[in-house]
Amino acid sequence: MQRRLHFKIGDVAGSAILYDDAAPKNIAVLWNALPIHGPLRHARWSGQQTYMKIDPLARLCDRVENPVSLVSRGQVVFRPERGMFSVCYGRAQQRDQPLHHRVVNGYGSLIGLVDENTDALLAAFAETDFRGSIPIEIYRGEYPE
């Protein structure tokens, strides 16, 4: 079975395939916490990317798997040290909050790719750019191979 994350933002729904072989521990932490409901925010310093902070998941993994700094449209990333889940709707980079007037590059685990209802779902993610925060539901899904 290929595991999938399903997203619902308002009336828009879609899903992402998970890269279980590339980031098994990081995906397991997120998967075991599903379903998750909460605010999705725009990642101000990172470019065209959204994030959701899931505090109880912070530091449940000891390392980033399948590390990525530059992210592309549709890529799904998890930062285990912060319990931060993100989806890129354009071009972005994993970054940390400015420290002494400098932006610090970071790394996240590339865990999946949005591949169902992609255009509509990523447009919904992009609404965080002007709305700030939007409600999202993230839940499990499995499809036969």
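Structure above, values below:
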{"quantity": "Hits in the stretch 4-23 - residues which are over 17 Å from Asn117 (Cα atoms) and either aliphatic (A, V, I, L, M) or surrounded by 16 or more Cβ atoms within 10 Å (Cβ to Cβ) (or both)", "calculated": "Tyr19, Ala22, Ala23"}
{"quantity": "Single condition Val71 does not satisfy, out of (1) touching a strand residue (DSSP E or B) at 6+ places or on another chain (Cβ under 7 Å); (2) over 19 Å from Ala23 (Cα atoms)", "calculated": "(2)"}
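Values quoted throughout were computed directly from the atomic coordinates according to the rules given, and no laboratory measurement underlies them. Just so it is clear, the model here is predicted, and its values are computed rather than measured. FYI the Cβ positions are ideal-geometry reconstructions off the backbone, even for glycines, and counts take in every protein chain you see.
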